[in-house]
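A.B. asks: Have a look at this one before I ask anything.
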Amino acid sequence: MKKVICLLSFLIFLCFISSNVVAKDRHFVLFVMDGVDLSEIKNSSTPNLDKLIKKGAIALTNTRTSGALEPKDAYLTIGAGDRARAGVSAYLNFNLNEKYKGISISDLYNRRIKKLDNRAMVINIELSRIISTNQSSNYDAKVGALADALYQSNSSIAVLGNADIWQQSRRHIGMIAINKYGLIFEGDVGYKMALRSDQHPSGYITNQDYLLKKFNKLLPKNDLIIIESGDTSRMEAVKSSLLADKFKVEKENSITRVDKLLGKIAAKLDFTEDYLFFVVPTTSKSGRLRGQKLTLSILVGPKIAGLLKSNTTKRQGIITNLDIAPTIYNYLGGREKEFTGSVVEAIPSSKSLDYLISLDKQIQKTFSWRPILIKGFILLQIITLFLVGSIILYKDLPRILKVISNYLLISLLWIPALFLVSRIYIGFNLILVIIGILVTSFLLTYYLLKVSNNELIPILVVSLVNFILLIIDVWTKTKLMKLSVLGYSPVIGARYYGIGNEFMGIIIGAGLISLTIIKEFTDRISNKLLVVLFIFLILTVGYPQLGANFGGLITATVVCSVVYFYLQGYNLNMRLILKLISILILIIISVVLIDTVVNTNNQTHLGRSLSAIKRGGFSAILTIIYRKFSMNLKLLRWTIWTRVVLSFVIILIILFKRPRGVIKAIVETYPNLSAALRGLVLGSIVTMIVNDSGIVAAATLLLFPIFSLLYLVLKRIRLN
């Protein structure tokens, strides 16, 4: 028996050793080509890139950072696995044997940071400044997070290349590979990586022969090799010095040179075991001006083909720069939980680069239309509120103003639904679209007002249409919302799935107004049935599998509970508040359990926030609170939504004073609807507190109740 046990132990030991050998034979290459947009890649000669696109999986990549959309911040964001910023300090990475301003790098490091580790080959001399910069940001990114995680799992890292121009060192590639002490133990970012050239505008081009020689030497003994291709980045750095035609030619040539280097690197890898991740940290300057802020990523490796996707975005063909670090870490044998982003996976698909270009154009157009259409929508709301306020205060105004105001009040309630389906008309001219939206909303309103024999019918129809459309879209994976001008944009990167704050306010406001109006018409809608419908609304907004808008979950729970208690005849007091808190806690605990226990492999924003708190403790909680507070403060000061909320507040103050007795008459005539109106006003305060863009959510939440109330008020006002 002892012999059998010894034999089994020996076999297990051999398996363990062999598995380690296999793991060490697997290599991961991160190939960086900075400063190019999709159209430049499409229009340049890139045979090697084309092969990798066909062989691997591709995606558009959000490149947002804590700072600017610049290489120095984008590279550090990749290495930190969280939104970061570095400034010019990112450029100051050097080989151990180099000097900076006549002082040896090792001496500078010893003076500024600590005693130098003898193993270090590449060193950042501005580590303290980079760390302090990120400690004062909204994200508290950990410099060197990827490298530290890999070193802890016994994986080795090397970095090669630079993007130097003239007499300026540009070694920001080191930001991806440095550890928390600003060190890299293998690699070369020195002057030999670039060749002086009088024939090229930047004064340097990448020394591909030297880089490949170093790559061949480092590949067998390193798990991760990070390569700066350099030439496209150099061209972007000197763009302002060149005429447009000259720049275009030289940029295409630089892309072709990088493609050749990529082909040579790819030829050294065995894609039955090895991985190559092609990334573009930032788009071109001209691309940014055109709104093309998403870049191309390609992952090639065993069983990888089609489109890339991650739990960060939950969208095929779209990932983020935060997903790069966890992907590298995970594919080299680590665990995903160390990072803000998620591991990317390949979804089988026959869609090519042309699909990404088409998707990018849709996203870009939606992003560029968004401020124009939303500002116009808000301006119309403010104008309407001004007209209605004038009619309430001054009864000697022309009657035509009352007619116009009635049309505006109902017409503007159609616009969220028309914005929801914007992917249908995104291909048309913007001016024609604006005219089409206005004409459609006015025609629908004209028909409603003409055929309605009850003043509540127009409000009911428009509210119900908005509510049903949004319910259907949320439960069918938000296919409309993802490309809606009132939805969320992958360019901004605040949200990629689920229901955003704009439509969250609409669905709660329109839902409660429509449901309580139905109750005004029929006694068949009991309060118990309303509870079921309210729970369905809460699930639609907050269920993890649908995206879990956590602020929306709290808002919907509070509003629905308050409306229900009002319908039951309760008044707002301490006992009612305690009941509300109990319901809220119960629902939050249920959602948290679903998202952290049941839904572990597919967590939403809430789940990842809780994971971050688990990792970072109290400091992570403070970071999240500070970030949300900062966002709300920023939006309060700068967003146009603040003006419409202020207009709502002013009109409510006017309604408390004038016209006398009208509000009381409406409350007595429509007690169910008035319960919804009161609950939604209270909900607007709650949503401002619990959402990171609370002012936006409050503005859309108040749209349906305020405009519905004003429509009913105008019906009761007679002008002289």
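The values are calculated or read from the model by the stated rules, or taken from the named source; none is laboratory data. Quick caveat, the model's predicted, so the values are computed rather than measured. Backbone-built Cβ (ideal geometry, glycine too); neighbour counts: all protein chains shown.
Per-residue answers, yes or no, for (1) surrounded by fewer than 24 Cβ atoms within 10 Å (Cβ to Cβ); (2) in contact (Cβ under 8 Å) with a residue 40 or more places away in the chain; (3) not assigned by TED's automatic domain parsing to the domain that holds Ile226:
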{"residue": "Ser104", "(1), (2), (3)": "yes, no, yes"}
{"residue": "Arg112", "(1), (2), (3)": "yes, no, yes"}
{"residue": "Gly161", "(1), (2), (3)": "no, yes, no"}
{"residue": "Gln168", "(1), (2), (3)": "yes, yes, no"}
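A.B. asks: Identify the residue in the stretch 175-205 that is of a type in the set (A, V, I, L, M) and in a loop (DSSP other than H, G, I, E, B) and, among all such residues, is farthest from Met235 (Cα to Cα).
C.D. replies: Among those that are of a type in the set (A, V, I, L, M) and in a loop (DSSP other than H, G, I, E, B), it is Ile178.
Here is a yes/no grid of residues against (1) over 26 Å from Gly505 (Cα atoms); (2) surrounded by fewer than 16 Cβ atoms within 10 Å (Cβ to Cβ); (3) touching an Asp or Glu at 6+ places or on another chain (Cβ under 6 Å):
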position	(1), (2), (3)
Asn406	no, no, no
Ile410	no, no, no
Gly427	yes, yes, no
Ile431	yes, yes, no
Val439	no, yes, no
Leu443	no, yes, no
Tyr447	yes, yes, no
Lys450	yes, yes, no
Ile457	no, yes, no
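Yes/no per residue for (1) surrounded by fewer than 21 Cβ atoms within 10 Å (Cβ to Cβ); (2) among the hydroxyl-bearing types (Ser, Thr, Tyr); (3) outside the structural domain of Thr327 (by TED's automatic domain parsing):
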position	(1), (2), (3)
Val238	yes, no, no
Val249	yes, no, no
Arg257	yes, no, no
Phe277	no, no, no
Thr282	no, yes, no
Gln292	no, no, no
Thr295	no, yes, no
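A.B. asks: With a cut-off of at least 3 residues that are crowded, with 24+ Cβ neighbours inside 10 Å and more than 37 Å from the chain's Cα centre (by Cα), name the helices (runs of 4 or more DSSP H) lying wholly within the stretch 643-720. So that I can check it myself, show each step before the final result.
C.D. replies: On the way: elements: 662-669, 671-690, 694-715.
Ranges flagged: none.
A.B. asks: Can you find even one residue in the stretch 524-539 that is in contact (Cβ under 8 Å) with a residue 24 or more places away in the chain, basic (Lys, Arg), out of contact with any Leu (no Cβ under 7 Å at 6 or more places or on another chain) and at negative phi?
C.D. replies: No: the stretch 524-539 contains no residue that is in contact (Cβ under 8 Å) with a residue 24 or more places away in the chain, basic (Lys, Arg), out of contact with any Leu (no Cβ under 7 Å at 6 or more places or on another chain) and at negative phi.
A.B. asks: Being modelled with pLDDT of 95 or more and assigned to a helix (DSSP H, G or I) is the filter here, so list the residues in the stretch 287-325 that pass it.
C.D. replies: Those that are modelled with pLDDT of 95 or more and assigned to a helix (DSSP H, G or I): Asn321, Leu322, Asp323, Ile324, Ala325.
A.B. asks: Which residue pairs have Cβ atoms closer than 8 Å, lie 6 or more positions apart in sequence or on different chains, and pair a first residue in the stretch 138-157 that is over 17 Å from Thr327 (Cβ atoms) with a second residue that is assigned to a helix (DSSP H, G or I) and of a type in the set (Ser, Thr, Tyr)?
C.D. replies: Asn138/Thr623; Asn138/Tyr626; Asn138/Ser630; Tyr139/Thr623; Asp140/Ser619; Asp140/Thr623; Ala141/Thr77
A.B. asks: Filter the stretch 180-202 down to the residues that are surrounded by 18 or more Cβ atoms within 10 Å (Cβ to Cβ), more than 21 Å from Arg119 (Cα to Cα) and not aliphatic (A, V, I, L, M) and list them by number.
C.D. replies: Those that are surrounded by 18 or more Cβ atoms within 10 Å (Cβ to Cβ), more than 21 Å from Arg119 (Cα to Cα) and not aliphatic (A, V, I, L, M): His200, Pro201, Ser202.
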